[in-house]
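Here the structure is laid out as structure tokens; the discussion comes afterwards.
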Amino acid sequence: MFMTIRVNISGAHTIGISHCSSFTTRLYNFTGVGDQDPALDSEYAANLKARKCRSLNDNTTIVEMDPGSFRTFDLSYYSLLLKRRGLFQSDSALTTNSATLSFVKQLLKGSLQNFFAEFANSMEKMGRINVKTGTTGEIRKHCAVVNS
Ligand code: HEM
């Protein structure tokens, strides 16, 4: 169940923009030896390096998460995943795991209406997770890291 929620909610990356700093290690220093993430389509990577994120330290340039249709809530994000063109490592991870990969393919075979229903359903499920508030919780400055 959580597997499908993860795939559905990641579909939010079908709209909007990101900052180079969220993925430049994939382009320039994937394992710390100045290398590129082999899971990323090399043509796409070359393009990003030449036109968008020209260095590892670029933290101002913005990049469309679903190039070509970044204003449209559609299935194109999932098509790009199959072409190894997911921008973040979390996107590309959806195709290296067999369970998530087959669910991605299932979404692509289904209708847009089906995706909308799946997405809405998963958002509602996430909304039912008891969020900690007040002194029992904390609002993170960076979503992936506990505040220091
Ligand atoms: C409603 C759901 C979601 C929305 C609206 C959303 C939106 C965004 C946006 C706007 C960015 C770009 C940040 C930037 O570079 O400025 C981003 C980055 C990212 N998203 Fe999502 N996302 C969603 C769900 C998810 C899910 C389910 C995952 C993983 C399981 C995920 C993982 C990431 C990662 C790893 C990044 C890279 C930057 C970072 O770590 O902060 N997102 N997302």
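The values are calculated or read from the model by the stated rules, or taken from the named source; none is laboratory data. Nothing here was measured: the structure is a model prediction, and the numbers come from that model. With ideal geometry, Cβ positions are generated from the backbone for all residues, glycine too; neighbour counts draw on all protein chains shown.
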Checklist entry - Among the residues of region 64-73, is there at least one that is at pLDDT below 95, of a type outside the set (Lys, Arg) and within 13 Å of the ligand (Cβ to nearest atom)? => result no
Checklist entry - Quick one: in region 98-115, which of the residues that are surrounded by 14 or more Cβ atoms within 10 Å (Cβ to Cβ) and free of Cβ contacts under 8 Å to residues at least 12 places away in the same chain is nearest to the chain's Cα centre (by Cα)? => result LEU101
Checklist entry - Between residues in region 1-28 that are farther than 23 Å from LEU107 by Cβ and residues that are assigned to a helix (DSSP H, G or I), which pairs lie under 8 Å by C-beta distance while being six or more apart or on different chains? => result ARG26/ALA45; ARG26/GLN89; LEU27/ALA45; LEU27/LEU48; LEU27/LYS49; TYR28/LYS49
Checklist entry - Pairs, please: C-beta under 7 Å, at least 6 apart or cross-chain, first residue under 12 Å from PHE116 (Cα atoms) and in region 71-84, second among the aliphatic types (A, V, I, L, M)? => result PHE73/ILE15; ASP74/LEU112; LEU75/LEU107; LEU75/LEU108; LEU75/LEU112
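On the basis of being within 14 Å of the ligand (Cβ to nearest atom) and within 17 Å of the chain's Cα centre (by Cα), does LEU48 make the cut? Spell out how you get there, then give the answer.
Working: within 14 Å of the ligand (Cβ to nearest atom): yes; within 17 Å of the chain's Cα centre (by Cα): yes.
Yes; evaluated as a whole, the condition is true for this residue.
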Next on the checklist: For ASP58, only one of the following conditions fails: (1) more than 15 Å from the ligand (Cβ to nearest atom); (2) surrounded by 14 or more Cβ atoms within 10 Å (Cβ to Cβ); (3) over 18 Å from SER92 (Cβ atoms); (4) charged (D, E, K, R). What is its number?
Outcome noted: (1)
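Condition check: farther than 29 Å from LEU107 by Cα and buried (at least 16 other Cβ atoms within 10 Å of the Cβ). Does TYR44 satisfy that? Please lay out each step first, then the result.
Values: farther than 29 Å from LEU107 by Cα: no; buried (at least 16 other Cβ atoms within 10 Å of the Cβ): yes.
In short, no.
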Next on the checklist: Condition first: within 14 Å of the ligand (Cβ to nearest atom), outside any helix (DSSP H, G or I) and not small (Gly, Ala, Ser). Now tell me which residues in region 76-122 satisfy that.
Outcome noted: LEU87, PHE88, ASN97
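Would you check if SER122 is surrounded by 11 or more Cβ atoms within 10 Å (Cβ to Cβ), in contact with a Gly (Cβ under 6 Å, 6 or more places away or on another chain) and among the hydroxyl-bearing types (Ser, Thr, Tyr)?
In short, no.
I'd like to know if region 134-146 contains one or more residues that are among the polar types (S, T, N, Q), modelled with pLDDT under 95, farther than 24 Å from HIS19 by Cα and not in a loop (DSSP other than H, G, I, E, B).
Narrowing region 134-146 to residues among the polar types (S, T, N, Q): 135-136.
Pick out the ones that are also modelled with pLDDT under 95 and you get 135-136.
Okay, now just the ones that are also farther than 24 Å from HIS19 by Cα, so 135-136.
Filter again for not in a loop (DSSP other than H, G, I, E, B), leaving 135-136.
Yes: region 134-146 contains one or more residues that are among the polar types (S, T, N, Q), modelled with pLDDT under 95, farther than 24 Å from HIS19 by Cα and not in a loop (DSSP other than H, G, I, E, B).
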